[in-house]
Amino acid sequence: MLIIPISLPTPFYIGAVNVYVVKEDPITIIDTGPKTRDAVDALRAGLRQNGLTTGDIRRIVLTHAHEDHCGLARSLRDEANNAEVFVHGWETGHRAARLEHEENLRLLQQAGVPDDEIASMRTLYDEVRQYADSLDDDHCRELIDGDELDFDAGSLRVVHTPGHTPGSCSFLREADRTIIAGDCVLKRITPNPVISPDPIDPSRRFRSLAEYLVSLARVRSLAPTLVLGGHGEPVHDFEELFNRYLKLINERQTRIISLVPKNGATAWEVSRAMFPNTDDVHRFLAVSESVAHLDYAQSEGKIAVEIADGREVYRRL
Ligand SMILES: [Zn+2]
Ligand SMILES: [Zn+2]
C-alpha cells in the first residue's frame, strides 16, 4: 500500500498543505487542498506523475474541515464520479461556515472580543470561505474512531484526535506504525486549538487544549515510526516532538496565568497582552489560543472565572 505525499500551494499564511494519495484500490486521497486554480493544477500534476488522474479517485478522506484541507472535496467528488467523502461527524460546524453560526458569535462575545473586531474577523472569514465548497451532511460518510478504511492490500485505522478542531482524525497504518495526522502533528509549530462550540452541547465551549493533550498522548501510545502531518516535513522522531510540544504548552500555560490580573481580564485582553503585535487572522488565532489555555488553567484550579455582562472575566487566585 503506497502512500504518496503531494504538496499543494495555499493562499494562507501557513503555506503549502500536504495531501496523501493511497495508491491501492480503492484509490483514496486524504485531504484535498484549497479550492484554487494553483492547487488544482498542482494536484493534477502530482497525480499524473504517479500514473493517476482525478477520475481514478474513489474515496476522499478529510482529516478535518479547514479550507486548506477540504476545499476541493466537492469538485473532486464530482470529477471522480461521486467518489465518497469521509469526514468525522464533529466537523459539522466547520463544514457549514463556522463563524456564521450563532454559537460562534456568542463564543467570541463571551471571550470579550469587541464588536468591531468580531466584524473584521467575519469579513476575513468570508474571504477564507471562498477557498472551499460547502459539503452537506448527505454528501458525506462519517469517520468513526476505530473503523478501518480497507484497501485491496492493507488498511488504515481511523484514530479520532480532537484538539485543533473537534472532529480532527488521524489514520494509522498498523503494519509499520505510520500515522497520517493532519494538523494534529506539525513539525515546526504547535497547532492552534481553534475556538469552537462543543459538538455535543453547542451552548458550551469545546475544551480544545485538554482534548488536544489527550490526543497527543494517544498518538504517542501508538508508538509511531513516521508521522505525516498536514504541513511541513514528516516527523521521524515523534517522542522528541511530543516532549517539545509539552514543554511549549507548559511554558505558555505559565505565561498566560501570569498575564491574568487579580482585578480580572477577558480572554481577548489576555490575548492582546500575550500576542501584542498581531493583525488580521492572527488576532482570531491569538484569542483562540488564549481561550484554550485559560479554560485549561481554570479546569486545573489555577485561575477563577466569572460572567459579567455576558463576558467571561478571569482572575488570578
Ligand atoms: Zn487546520
Ligand atoms: Zn492546515
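The values are calculated or read from the model by the stated rules, or taken from the named source; none is laboratory data. Note that the structure is a prediction, hence the values are computed from the model and not measured. Note that we place each Cβ from the backbone using ideal geometry, even for glycine, and neighbour counts take in every protein chain shown. We work out accessible area using only protein heavy atoms, side chains counted, and drop any ligands, DNA or RNA first. Shrake-Rupley method; radii C 1.70, N 1.55, O 1.52, S 1.80 Å.
Things to note:
- ALA292 being of a type outside the set (Ser, Thr, Tyr) and within 16 Å of ligand 1 (Cβ to nearest atom): yes
- For ARG207, the requirement of being in contact (Cβ under 8 Å) with a residue 24 or more places away in the chain, of a type in the set (Lys, Arg), over 22 Å from ASP147 (Cβ atoms) and surrounded by fewer than 24 Cβ atoms within 10 Å (Cβ to Cβ) is met.
- Candidates ARG204, ARG220 - the one that is charged (D, E, K, R), away from ligand 1 (no atom under 16 Å from the Cβ) and within 26 Å of GLU102 (Cα to Cα): ARG204
- If you go through the range 114-147 and keep only what is more than 16 Å from ligand 2 (Cβ to nearest atom), open to solvent by less than 60 Å² (accessible area, probe 1.4 Å) and closer than 19 Å to ASP31 by Cβ, you end up with ASP133, SER134, LEU135, HIS139, CYS140, LEU143.
- For the range 69-90, the tally of residues that are open to solvent by 40 Å² or more (accessible area, probe 1.4 Å) and touching a helix residue (DSSP H, G or I) at 6+ places or on another chain (Cβ under 6 Å) stands at 1.
- Search result, residues across the range 205-221 that are part of a loop (DSSP other than H, G, I, E, B) and within 16 Å of ligand 2 (Cβ to nearest atom): none
- Residue match in the range 242-251 (condition: among the β-branched types (Val, Ile, Thr), free of Cβ contacts under 8 Å to residues at least 60 places away in the same chain, more than 16 Å from ligand 2 (Cβ to nearest atom) and farther than 27 Å from ILE27 by Cβ): yes
- Each residue in the range 46-68 was checked for being open to solvent by 10 Å² or more (accessible area, probe 1.4 Å) and within 16 Å of ligand 1 (Cβ to nearest atom), and 2 of them qualify.
- When each of VAL305, VAL281, VAL235, VAL227 is tested for being over 16 Å from ILE189 (Cβ atoms) and of a type in the set (Val, Ile, Thr), the lone residue that passes is VAL305.
- Residue in the range 125-133 that is assigned to a loop (DSSP other than H, G, I, E, B), within 14 Å of ligand 1 (Cβ to nearest atom) and of a type in the set (A, V, I, L, M) present: yes
- Filter result (at pLDDT below 60 and either of a type outside the set (D, E, K, R) or touching a Ser or Thr at 6+ places or on another chain (Cβ under 7 Å) (or both)) within the range 99-109: LEU99
- When residues of the range 11-28 are limited to those that are surrounded by 16 or more Cβ atoms within 10 Å (Cβ to Cβ) and touching a Lys or Arg at 6+ places or on another chain (Cβ under 8 Å), the one farthest from ASP280 (Cα to Cα): ILE27
- Exactly one residue among SER196, SER168 is under 15 Å from the mean Cα position of the chain (by Cα), within 16 Å of ligand 1 (Cβ to nearest atom) and modelled with pLDDT of 95 or more, and that residue is SER168.
- Of all residues making up the range 10-31, the number that are acidic (Asp, Glu) and either more than 16 Å from ligand 1 (Cβ to nearest atom) or at pLDDT below 95 (or both): 2
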